[in-house]
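The values are calculated or read from the model by the stated rules, or taken from the named source; none is laboratory data. Keep in mind that this is a model prediction, so the values were computed, not measured. Cβ placement follows ideal geometry from the backbone for every residue including glycine, while neighbour counts extend to all protein chains displayed. Please note that ligands, DNA and RNA were not included when accessible areas were found on the heavy atoms of the full protein model with its side chains. Shrake-Rupley method; radii C 1.70, N 1.55, O 1.52, S 1.80 Å.
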Amino acid sequence: MTAQPRYDLHCHSTVSDGTLTPTALVERAASRGVDVLALTDHDEIAGLAEARRAADVAGIEFVDGTELSVSWRDITLHIVGLRIDPHSPALVEGMRQIRSGRLDRARLMAESLARAGIPGAFEGAARFAANVELLSRTHFARFLVEGGHVKEVREVFKRYLTPGKPGYVEHAWASLADATGWIHGAGGQAVLAHPGRYKVNRSGMQALLTEFKERGGDAIEVLTSSHTHAQSEEYASYALRYGFLASCGSDYHGPGESWMDLGDLPPFPPGLHPVWRDWR
Ligand code: AMP
Ligand code: MN
Ligand code: MN
Ligand code: MN
């Protein structure tokens, strides 16, 4: 019996809010037994060419990806695009639009933290960002850990940077229709990232899945580091009920910062069709 290839279809490099360069990320994935890796930096494709070269050297399969920030109702969603054409003009322009609001937002986030008694956050966060156009909450989280305000990056979001907490600033990202359309226009598949993380009730989730399906959404992440085992089962049944393919990704951001390392994904619950079903 041949072993099943190991897929990890969601992770981040220094091009967005990861701590490893695209090359180091691919090397780590290969050394951990990943056979097929997608790099999905937030709202950016600038790491894909380097990652693909590294994957060729390491002898693993590489998938061009991105993770788009979307505003839907009163929450932020993430839509992963897989097997996108990184040169698609509409996608490139769409991502530029999404990124363009980040700097102003970061200044407002820093003002909010200053009001809570934490000065210097803009400069502090910027020091962690290789790409200042992509200043994200993760970079602010690293600044808060560095200053001793919180012990670990993954704990930061319980006390800061989320709705109602210091450092949170509402922002209008892309629409669900635009994000899905840009991904499809680039020949890719649109995947709802880490659905268990969204603060919506059951009817809100059903409305989201219905709308995503109507817009041609292809898949949902059933397996992600954001899900408990029970959530993986829950989203497996949603995938079956709504007719979505199933995706899996660690959402790895770097050593010591993530709940799950590259490739550490369990098998899918039975009955699902993987997002790679028709890849060849
Ligand atoms: P931004 O796109 O600037 O809003 O930053 C979002 C990023 O912050 C996500 O991609 C995660 O890396 C991180 N993040 C947000 N919420 C959480 C959370 N609850 N736990 C861990 N990381 C989070
Ligand atoms: Mn991130
Ligand atoms: Mn995400
Ligand atoms: Mn992610």
Potential extension, Trp259-Val92 segment - 0.36 nm per residue separation minus Cα distance: 57.1 nm
Number of Lys pairs (Cα under 24 Å; 8 or more positions apart or on different chains) in the chain: 4
Estimated FRET transfer efficiency (Leu108, Glu152; beta-carbon r; R0 35 Å; 0.05): 0.90
Just to be sure I follow the definition: excluding the sites themselves, where is the longest run in the chain that has none of the GluC sites (Glu not before Pro) in a DSSP loop with at most 15 other Cβ atoms within 10 Å? 1-151
In nm, what is the difference between 0.36 nm times the number of residues separating Asp56 and Lys165 and their Cα-Cα distance? 34.9 nm
Region 114-200 - percent of accessible surface contributed by carbon and sulfur, probe 1.4 Å: 52
Could I have the simple spin-label model distance between Leu240 and Ser175, label points 7 Å from Cα toward Cβ, reported in nm to one decimal? 3.5
As a test of the formula, what do you get for the chain when each DSSP H run with n ≥ 4 contributes -39,500 (n - 2.57) and the sum is divided by the residue count, at 222 nm and rounded to the nearest 500 deg cm²/dmol? -11500 deg cm²/dmol
Compactness summary of region 96-234: radius of gyration and Dmax from Cα atoms, Å, are 17.1, 47
Using 19 Å as the cut-off for backbone N distance, which residues of region 239-280 belong to the label zone defined by a point 7 Å from the Cα of Gln206 along Cα→Cβ? 239-244
Assuming a viscosity of 1.002 mPa s and a temperature of 20 °C, what translational diffusion coefficient in µm² per second does Stokes-Einstein assign to the chain, Rh being the Kirkwood radius over Cα pairs? 113
Report ³J(HN,Hα) in whole Hz for each residue of region 244-261, in order, from the Karplus equation J = 6.51 cos²θ - 1.76 cosθ + 1.60 where θ = phi - 60°; Gly and Pro get x. 9, 5, 10, 10, 9, x, 6, 6, 5, 10, x, x, x, 10, 10, 6, 9, 7
Express the accessible area of the chain per residue in Å², computed with a 1.4 Å probe while the remaining protein chains stay in the model. 44
